[in-house]
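Here's the structure, in structure tokens; my notes come after.
Every number in this text was worked out from the coordinates using simple rules, so none of it is lab data. None of the values given here were measured: they were computed from a predicted structure. No Cβ is skipped: glycine too gets one built from the backbone with ideal geometry, and neighbour counts run over all protein chains shown.
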Amino acid sequence: MLKCLPPFSPTMPEITPRVSRLRYGVGEDFTAIGALKAGAEALGRKASYPWLMGIGGAAFRLYWSQEWSLDMANFVTADVVRTAAESIGLEAEAHLGEKPEDVWGLVRGSIDANSPALSCGLTGPFETCLIVGYEETPRRLQIRGYLDEGDEYSRLDFRPWYGWCHQSFGLMPITTLREGKEPDLPALIKASLETVLRLAGEGRIASEYCAIHNTRHVMISGLDAYIAWAGGISEKPRGDAAHRGFATSLNMNQLIDARTAAQNYLLDLCNRVRPAALLLSRAAAHYAHEVLALKSARQLIPYPQATPEKAAERLEKLLADDERRAEYASLLRTAQNEDSESLGWIRKVVEGGIL
């Protein structure tokens with residue numbers, strides 16, 4: 001959780017211009033890409049959220065953990081931040097497991113160069129935020145994150161933290177941004193559609209070891225994840241209904257956000273890659289149908305906006321309903337069918353050499 005700290009010194013290093021506020025519920029819920037978008041805008045590089053989600057592959061991810069692990073909502077094997085940054089002429093360099101003194105050096109170097117740095121885990125276990133300023137004595141960080149209470153930046157003491165960086169979980173992850181080379185957009189677009197097909201067929205993969213939970217989760221990816229999720233939600237909970245409900249609602253919110261971005265990314269490509277426009281528009285239409293099915297499922301098991309105790313009580317009641325769980329599973333299978341249809345059209349573009 002964020003800790004309230006005294007104001008920073010007026011002379012502390014801070015990037016300019018100010019980074020725009022980050023919010024959940026406005027169509028930019030995947031924090032790694034939402035933070036990148038805001039950071040890039042501060043550097044004068046503007047791009048839409050669907051573009052960054054699509055070109056990097058984040059829009060096409062889905063993972064499911066049989067342990068109902070909460071990290072499945074943000075896990076992805078593609079290096080989505082690096083590729084998305086490359087598409088707008090930035091170089092994103094990830095660092096993980098560095099010594100605190102080295103991380104402090106990275107923070108100082110980035111801010112002194114008037115560039116924000118991305119980091120996961122500072123403000124929440126799975127949230128990526130931006131480091132936008134620092135203070136030397138005592139060492140503090142100024143943060144722009146999704147959990148900010150208002151327009152002002154949040155402030156944190158500088159101390160070790162854990163978080164995700166690409167597909168690895170470890171100590172003090174930080175990704176710096178700097179000027180990159182002119183992007184080869186045709187190559188990146190082609191690679192993004194190849195990534196779509198790869199993510200859909202990953203099957204079972206092992207996530208990186210998580211030091212906080214002392215475990216290594218097995219993730220089920222792509223089309224197989226829909227079936228595994230449908231099977232899991234069909235089963236009657238055994239005393240863990242609240243956790244299952246939270247994991248389900250969190251993953252569903254992220255999946256709706258991702259597939260909405262996927263639809264809009266493909267519609268953008270229709271204007272950029274005219275020979276493939278018809279096929280890509282058909283794929284986009286299936287993603288639109290998928291989102292409708294997913295939104296119907298979300299209405300069945302929404303995460304209650306209430307105190308933790310009341311939320312748990314509500315989720316337990318929802319998941320005790322056999323018919324509700326069966327309908328939810330049916331909608332997941334419908335979504336999987338639509339996703340599969342989209343993939344079919346994308347495969348025609350990739351394998352047909354149209355790009």
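Observations
- The aspartates and glutamates within cross-link reach of Lys236, meaning a Cα-to-Cα straight distance under 14 Å and a gap of 8 or more places when in the same chain, are Glu316, Asp321, Asp322, Glu323, Glu327.
- Paramagnetic label zone (point 7 Å from Cα along Cα-to-C-beta, Gln305; backbone N under 17 Å) in segment 19-51: 23-29
- By average C-beta atoms within 10 angstrom, highest first, the peptides 52-58, 149-155, 109-115: 52-58, 109-115, 149-155
- Debye intensity ratio I(q)/I(0), log10, segment 222-355, q values 0.09, 0.18, 0.21 Å⁻¹ (C-alpha model): -0.32, -0.91, -1.12
- Listed by chain and number, the lysines placed with their C-alpha closer than 22 angstrom to that of Lys37 are Lys46, Lys181, Lys190; residues fewer than eight positions away on the same chain are left out.
- Reported label for calculated Rg and Dmax of the Cα atoms in Å given [x] 19.5, 56; [y] 20.3, 69; [z] 20.5, 61: [z]
- Projected label points at Arg324 and Glu149, each 7 Å from Cα along the beta carbon direction, are separated by 3.3 nanometres.
- FRET efficiency, Glu93 to Lys236 (Cβ-Cβ, R0 45 Å, nearest 0.05): 0.45
- Estimated FRET transfer efficiency when R0 is 22 angstrom, pair Asp112-Arg159 (beta carbons, to 0.05): 0.55
- The charge dipole of the chain, taken about the Cα centre with unit charges on the Cβ atoms of Lys, Arg (+1) and Asp, Glu (-1), comes to about 440 debye, rounded to the nearest 20.
- Per-pair calculated FRET efficiency, R0 = 22 Å: Arg204 and Glu67 via Cβ, rounded to 0.05: 0.95
- Structure remark: mean-square fluctuation, Gaussian network model of the chain, C-alpha springs under 10 Å; the largest value among Asn271, Asn251, Asn74 belongs to Asn271.
- Kyte-Doolittle mean at least 0.0, axial Cα span of 24 Å or more - DSSP H helices of the chain: 277-300
- Taking the chain as a Gaussian network of alpha-carbon nodes connected by springs under 10 Å, the highest mean-square fluctuation of the residues Pro17, Pro138, Pro125 belongs to Pro138.
- Extension reserve of the Ser168-Ser20 stretch, reckoned as 0.36 nm per residue once the Cα distance is removed: 50.5 nm
- Note on the chain: GNM, Cα springs under 10 Å; of Arg282, Arg45, Arg139, the largest mean-square fluctuation is that of Arg139.
- Each Cα pair of segment 1-183 feeds into the Kirkwood radius, which the Stokes-Einstein equation turns, at 4 °C and 1.567 mPa s, into a diffusion coefficient of 79 µm²/s.
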